[in-house]
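Everything below concerns the one structure shown next.
The values are calculated or read from the model by the stated rules, or taken from the named source; none is laboratory data. Only a predicted model underlies this, so the values are computations on that prediction, with no experimental measurement involved. All Cβ positions, even for glycine, are placed from backbone atoms using ideal geometry, and neighbour counts span all protein chains on display. Accessible surface is based on the protein model in full, side chains and every heavy atom, while ligands, DNA and RNA are left aside. Shrake-Rupley method; radii C 1.70, N 1.55, O 1.52, S 1.80 Å.
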Amino acid sequence: MKKLETKRLILRPWNYSDLEDFYEYASMENVGINAGWLRHESIEVSKKILDIFIKGHEEYAIVLKENNKAIGSIGIKSQILEEFVELDQRTIGYCLNSDYWGQGIMSEAVNRIHEYLFEDVGVDLVWIEHFKENERSQRVILKTGYTYLKDAVYDAVQLQKQIDCKRYILLKEDYQKNKGIKKEFPILEFDENQDAFINPSFLKQSYSKFPPRLVVCFFHDVIDRLVGEGKLESFEVIEGENKVYVYKFVDDDCLVVKGYVGGAGCGGSVEECIALGSSQITFCGGAGSLHPDITVGKIVLIDSAIRDEGFSYHYLKPSREVYAEPSLLKFTQTYLDECNVNFVTGKVWTTDAFYRETKEKIKLRTSENCLMVEMEQAGLLALTQFRNVNYVALIYGGDDLTKTEWDNRDWKSRNDVRENLLYLCKDLSKEMDINFKR
């Protein structure tokens, strides 16, 4: 059981040192009767129940921060409502020392339990009941966001009777709406709703449908040269503050878009291409080496990225890393082997601040087995997963960050590697389009 805190409260597992506090409220006339159990006639009874609480790991003690006094309990159980059997669900129940009624304490505790269950545990639904006559409990339930489901009957074994009650549910999506997905840090406020205020699909009104194959290429010099040689031709310009220039191979139905530095710039243009039909996407670029074996021109197939940036957090739930689609990764490895391409598979560090790649951070990312540092892959992996399209990234080793001083290694002059990598990505997108099945 995870220790939880609110402004006034600590919710924690029970301790034997809480016995006197527990007996104080469990022996009150008006506490247990509203929860379906008999008041404790002696501290020995409380001791037996407290032992069950401690060993059962289902009951939280509600403790006041100001004096460390246990004033109530809130339990979490895995009981299933049959009409929602497909959902991961929990039910909760609570009681509170009557000296503390009317102070908003139980609502504060219940809201924190909701946060824990929906955000940390990841449940889909929480449900709760109150006896029909218990208007005080009903106010807590309605105040904390529940919706009435139906009338029910509670079997109060200790009271030797069945009691009419009302049942309520709180779904995860309703919890998120009620809370406004607010977190301590805005970057963690992921909203999984596919429908945004401005959706890239609006572009379909102004542009023709794109073919599925697309290469995102950071080698602008190569693209410009191939245009001059008549091997690439202009296909489309998506208008905006930052125009997106899209090209097409003259002899192949494959598009090429110039990559922009950073997740937001690059991701925005890829998002627009996806909206217009791109679904078999490959990426070629260069990145800084964090490993001595990643020499200039060495190709790395990206299998994961550390999310030290902001763009990806708008497309994927917060996590330390984002991973390439496993079956597509294996498919690509097989294809590259068949083509006799010399490559390695590995992780990159994605950052959006290249002037903040400090030596301590480089040391940390190296210890996390990052082979390279770059600025787009975490965002593009998250974006393409969110939009459910295929995506593979091939990056070659560029400047060197493994030494005490930065070494540019003249990596941008490797025209042979850059052009060959573009054509490799073009051919890979065709192979994906024809032969890859998830």
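Contact list please: Cβ distance under 8 Å, first residue in the range 82-104 and among the basic types (Lys, Arg), second residue open to solvent by less than 50 Å² (accessible area, probe 1.4 Å) and assigned to a loop (DSSP other than H, G, I, E, B), pairs at least six apart or on different chains. Cβ pairs passing all conditions: 90/123. Taken over the range 21-66, the criterion of being in contact (Cβ under 8 Å) with a residue 40 or more places away in the chain and charged (D, E, K, R) is satisfied by 21, 24, 59, 65, 66. Pairing residues of the range 170-188 that are touching a residue at least 24 places away in the same chain (Cβ under 8 Å) and under 17 Å from residue 315 (Cα atoms) with residues that are hydrophobic (A, V, I, L, M, F, W, C) and surrounded by 13 or more Cβ atoms within 10 Å (Cβ to Cβ), at Cβ distances under 8 Å and at least 6 apart in sequence or on separate chains, gives 176/118. Counting residues in the range 235-243 that are closer than 24 Å to residue 388 by Cβ, open to solvent by 20 Å² or more (accessible area, probe 1.4 Å), modelled with pLDDT of 95 or more and among the acidic types (Asp, Glu) gives one or more. Residue count for the range 294-326, restricted to those that are farther than 29 Å from residue 223 by Cβ and surrounded by fewer than 21 Cβ atoms within 10 Å (Cβ to Cβ): 8. When you scan the range 328-348, how many residues do you find that are exposed (fewer than 12 other Cβ atoms within 10 Å of the Cβ) and either among the acidic types (Asp, Glu) or touching a residue at least 24 places away in the same chain (Cβ under 8 Å) (or both)? Final tally of qualifying residues: 3. Among all residues of the range 349-365, there is none that is surrounded by 15 or more Cβ atoms within 10 Å (Cβ to Cβ), β-branched (Val, Ile, Thr), part of a loop (DSSP other than H, G, I, E, B) and touching a residue at least 40 places away in the same chain (Cβ under 8 Å). Is it true that some residue in the range 53-61 is of a type outside the set (Val, Ile, Thr), touching a Cys at 6+ places or on another chain (Cβ under 9 Å) and under 26 Å from residue 150 (Cα atoms)? No, the range 53-61 has no match at all.
When we screen 199, 193 for residues that are within 30 Å of the chain's Cα centre (by Cα) and modelled with pLDDT under 90, the only hit is 193. Filtered by the rule that a residue be of a type in the set (A, V, I, L, M, F, W, C) and either touching a Cys at 6+ places or on another chain (Cβ under 7 Å) or over 21 Å from residue 421 (Cβ atoms) (or both), the range 220-237 gives 223, 237. Does at least one position in the range 209-221 carry a residue that is assigned to a helix (DSSP H, G or I) and not polar (S, T, N, Q)? Yes, the range 209-221 has at least one match. The criterion of at least 2 residues that are touching a strand residue (DSSP E or B) at 6+ places or on another chain (Cβ under 8 Å) and within 24 Å of residue 434 (Cα to Cα) is met, among strands (runs of 3 or more DSSP E) falling completely within the range 255-344, by 255-258, 280-289, 299-308.
Take the conditions (1) surrounded by 14 or more Cβ atoms within 10 Å (Cβ to Cβ); (2) modelled with pLDDT under 95; residue 215 misses just one of them, which is (2).
Criterion first (farther than 27 Å from residue 177 by Cβ and polar (S, T, N, Q)) does residue 160 satisfy it? In short, yes.
Looking for something in a helix (DSSP H, G or I), modelled with pLDDT of 95 or more and not aliphatic (A, V, I, L, M) - is there at least one such residue anywhere in the range 400-423? Yes.
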